[in-house]
Amino acid sequence: MGRHREFDVEKVLDAALCVFWRKGYEGASYADLTEAAGVERPALYSAFGNKEALFRRALDRYYERYLDFIPKSLELPTARAVAAHILYSAAELNTRYSHHTGCLGINGVLAGSDEAEPVRQALIEARAGGEAQLRERFERAKAEGDLPDTAKPDALAAFVMAVSHGMAVQAKAGFSRDMLEGVAEQALSAWPAGRRSGHQPGT
């Protein structure tokens with residue numbers, strides 16, 4: 001028997017990420033993954049384990065490499081700036097690549113077979129983690145007077161997530177970046193102003 005072909009694990013992981021991004025977890029076959037990665041199935045198993053393990057590694061990479069705008073947004077000085085940065089960045093990312101539009105976290109598994117349930121739950125947990133970070137940031141904004149006393153940080157966090165997720169679905173359906181930015185602008189037009197709030201358009 002010949003030796004296993006040596007390959008760049010990072011490049012293979014990036015290739016798999018793009019396949020999952022385009023086709024979702026269940027839509028991505030092993031044939032798709034091995035063709036994109038340029039390696040045989042046994043080598044893929046050896047390096048990453050099963051398909052679920054490969055997807056989880058790809059999802060971690062996606063959050064680290066493509067959703068880095070989320071932690072950056074949390075450092076911005078106002079709640080509205082946080083929301084704007086997330087929504088406009090999502091519009092850009094969702095339309096950046098013509099061959100895999102939308103968001104891996106949304107494209108992954110919204111509804112699937114029983115076998116895909118662990119992956120669906122992993123995606124739900126990942127999204128919930130992001131929403132919790134937003135909620136905490138908006139709670140601080142309310143305490144600082146950046147949001148009004150009537151503001152509901154949990155609802156605002158859910159609102160931003162719902163808009164960004166909807167934009168991902170629209171991008172997958174072919175919506176342009178300009179259209180998605182229009183959606184973001186419309187959503188931000190209803191943003192509540194606190195005692196010390198002030199903003200410029202698009203911020």
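Take the residue pairs LYS11/LYS72; LYS51/LYS152; LYS72/LYS172 and return only those whose Cα atoms are more than 30 Å apart. Checking Cα-Cα distances, LYS51/LYS152 exceed 30 Å. Note on the chain: with charges restricted to the Cβ of Lys and Arg (+1) and Asp and Glu (-1), its dipole about the Cα centre is near 200 debye. What longest range of the chain stays clear of loop-exposed GluC sites (Glu not before Pro) (DSSP non-H/G/I/E/B, at most 11 other C-beta within 10 angstrom)? Counting at most 11 other Cβ atoms within 10 Å as exposed, the longest clean stretch of the chain is 76-203. With a Förster radius of 41 Å applied to the C-beta separation of MET179 and ASP114, the computed FRET efficiency comes to 0.70.
From its DSSP helices (H runs of at least four residues, each -39,500 (n - 2.57)), the chain gives a residue-normalised ellipticity at 222 nm of -21500 deg cm²/dmol.
In sequence order, segment 139-154 has phi-based couplings of 5, 5, 4, 5, 5, 8, x, 6, 10, x, 4, 7, 5, 10, x, 5 Hz under the Karplus curve 6.51 cos²θ - 1.76 cosθ + 1.60, θ = phi - 60°, and Gly or Pro positions carry x.
Using every pair of distinct Cα positions in the chain, the Kirkwood expression returns a hydrodynamic radius of 18.3 angstrom. With labels modelled as points extended 7 Å from the Cα through the Cβ direction, what inter-label distance (nm, one decimal) is found for ALA193 paired with ALA143? Result for the modelled spin labels: 2.6 nm. Ordering GLY102, ALA132, ALA28 by the projection of their Cα atoms onto the charge dipole of segment 15-147, which places +1 on the Cβ of Lys and Arg and -1 on the Cβ of Asp and Glu, puts GLY102 at the extreme positive end.
Take the Cα of GLU136, go 7 Å toward its beta carbon, and none of the backbone nitrogen atoms of segment 76-94 fall under 11 Å from that spot. Here is the size of segment 52-112 from its Cα atoms: Rg then Dmax, 13.1, 40 Å.
For segment 58-73, the Karplus equation 6.51 cos²θ - 1.76 cosθ + 1.60, evaluated at θ = phi - 60°, returns couplings of 5, 5, 4, 5, 4, 5, 5, 8, 10, 9, 5, 5, 5, x, 5, 5 Hz by residue, with Gly and Pro reported as x.
No lab work stands behind these numbers, since they all come straight from the coordinates. Remember, predicted model here, so these are calculated numbers, not experimental data. Note that we place each Cβ from the backbone using ideal geometry, even for glycine, and neighbour counts take in every protein chain shown.
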